[in-house]
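The values are calculated or read from the model by the stated rules, or taken from the named source; none is laboratory data. In this text, all values refer to a predicted model and were calculated from it rather than measured experimentally. Don't worry about glycine lacking a Cβ; one is built from the backbone with ideal geometry, like all the others, and counts go over all protein chains shown. These area figures cover heavy atoms from the full protein model, side chains too; ligands, DNA and RNA do not enter into them. Shrake-Rupley method; radii C 1.70, N 1.55, O 1.52, S 1.80 Å.
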Amino acid sequence: RTEPMVWSELLEIFHGPTIRNDADNDDDDDNDRVVVDLARLCRSRRQQYEYEVYKRQLKQEWRSMLDVILCRKFGRSCRRDDETGLQYAADEPEHGDDNGNSNDDDDDKDDGD
């Protein structure tokens with residue numbers, strides 16, 4: 001499957017068909033069960049293969065997934081370990097901290113007002 005599921009399809013999975021429990025022949029619905037087809041939420045074999053290849057490449061290039069996220073998504077500067085050759089996030093962000101705050105000391109000074 002290449003197209004994302006729509007809400008109605010997801011509801012179908014989690015509120016799937018009700019299976020009647022024929023063991024008790026009364027009209028009690030408490031023993032009926034809903035079949036949930038979670039397999040429909042899985043990746044296809046091709047998608048899983050591509051994911052595994054990509055994950056292997058990241059592990060060969062980066063020290064950890066946290067380093068990948070910090071560098072690629074949050075703009076943390078990256079370094080390369082001389083011994084292992086793996087990339088990692090620098091200890092200090094290049095521009096401000098992880099919350100987007102500037103490291104400029106001028107902003108923190110009290111004007112005395």
Q.
Can you go through 68, 36 and tell me which one is modelled with pLDDT under 90, over 19 Å from residue 4 (Cβ atoms) and surrounded by 12 or more Cβ atoms within 10 Å (Cβ to Cβ)?
A. 36
**Q.** Inter-residue pairs, beta-carbon under 8 Å, first within 15 Å of residue 88 (Cα to Cα) and in segment 49-65, second of a type in the set (Phe, Trp, Tyr), 6+ apart
**A.** 62/88; 63/88; 64/88
**Q.** Residues satisfying the stated conditions in segment 71-80, i.e. open to solvent by less than 100 Å² (accessible area, probe 1.4 Å) and either outside any loop (DSSP other than H, G, I, E, B) or modelled with pLDDT of 95 or more (or both)
**A.** 71, 78
Q.
Out of the residues in segment 1-16 meeting the condition of being open to solvent by less than 90 Å² (accessible area, probe 1.4 Å) and in a loop (DSSP other than H, G, I, E, B), tell me which one is modelled with the highest pLDDT.
A. 6
Q.
I need the full set of residues from segment 40-64 which are within 19 Å of residue 80 (Cα to Cα) and either open to solvent by 100 Å² or more (accessible area, probe 1.4 Å) or outside any helix (DSSP H, G or I) (or both), in order please.
A. 56, 59, 60, 62, 63, 64
